[in-house]
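I have placed the structure first, in the form of structure tokens, so that the comments after it can refer back to it.
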Amino acid sequence: MSKPDTDRMIRVDQAGEFGATRIYAGQLAVMGDRHPLSAEIRHMAEQEAVHREQFDALMARRGVRPTVLQPFWSMAGYALGAGTALLGPEAAMACTAAVEEEIDRHYSAQLDELEATGTDPELTGMIARFRDEEREHRDAALAAGAERAPAYPLLSGAIRLGCRLAIRLAERV
């Protein structure tokens, strides 16, 4: 696998982890500590912050440039988190489930590519660990009532489509 390929992976994954921290910040800004799900959201946010920190460090060590869309991801992620939380806790969980479903698919595809070449064990290990935690987030969101959100299929589908678009943009820009 070439350096441009791994640079692309690192750039998009760091952008995704950054976006996730902003989604949770928006959710917590609306929900505060008044809801029982706030502790679960805070826990997920802390894990995402660790993912982001590790990708930030990897980018610095390897000289990978961040996406120029980072300011947009900051605003969009926060707005998505706050907006879904305003719809209610189930909608916040639907957002988490949808995002994490797409991240699971994305990380799994990257792992297939990395494992086929065996050229970057450090990145492979990071992505595998983070994918497992993202799956835990998805499962926790589903257990917390994500599918009871208003218009769940529409909400989930729109968020998943947005995630796929964000991934494609961050890979290129």
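Against the definition (within 25 Å of Q110 (Cβ to Cβ), surrounded by fewer than 20 Cβ atoms within 10 Å (Cβ to Cβ) and not acidic (D, E)), how does G19 come out, yes or no? It would help to see each step written out before you state the result.
Working: within 25 Å of Q110 (Cβ to Cβ): yes; surrounded by fewer than 20 Cβ atoms within 10 Å (Cβ to Cβ): no; not acidic (D, E): yes.
No; evaluated as a whole, the condition is false for this residue.
When you scan the stretch 65-88, do you find a residue that is crowded, with 16+ Cβ neighbours inside 10 Å and in contact with an Asp or Glu (Cβ under 8 Å, 6 or more places away or on another chain), even just one?
Checked against the condition, which is being crowded, with 16+ Cβ neighbours inside 10 Å and in contact with an Asp or Glu (Cβ under 8 Å, 6 or more places away or on another chain), the stretch 65-88 yields no hits at all.
Any idea how many residues of the stretch 20-40 are at pLDDT 95 or above and either of a type outside the set (S, T, N, Q) or under 19 Å from E90 (Cβ atoms) (or both)? Spell out how you get there, then give the answer.
Going through the stretch 20-40, the residues at pLDDT 95 or above turn out to be 20-30.
In the following step, the residues that additionally are either of a type outside the set (S, T, N, Q) or under 19 Å from E90 (Cβ atoms) (or both) were identified as 20, 22-30.
Within the stretch 20-40, residues that are at pLDDT 95 or above and either of a type outside the set (S, T, N, Q) or under 19 Å from E90 (Cβ atoms) (or both) number 10.
The values are calculated or read from the model by the stated rules, or taken from the named source; none is laboratory data. Every value quoted in this text rests on a predicted model; they were computed, and no experiment measured them. Neighbour counts are summed over all protein chains in view; Cβ atoms, including those assigned to glycine, are modelled from backbone coordinates with ideal geometry.
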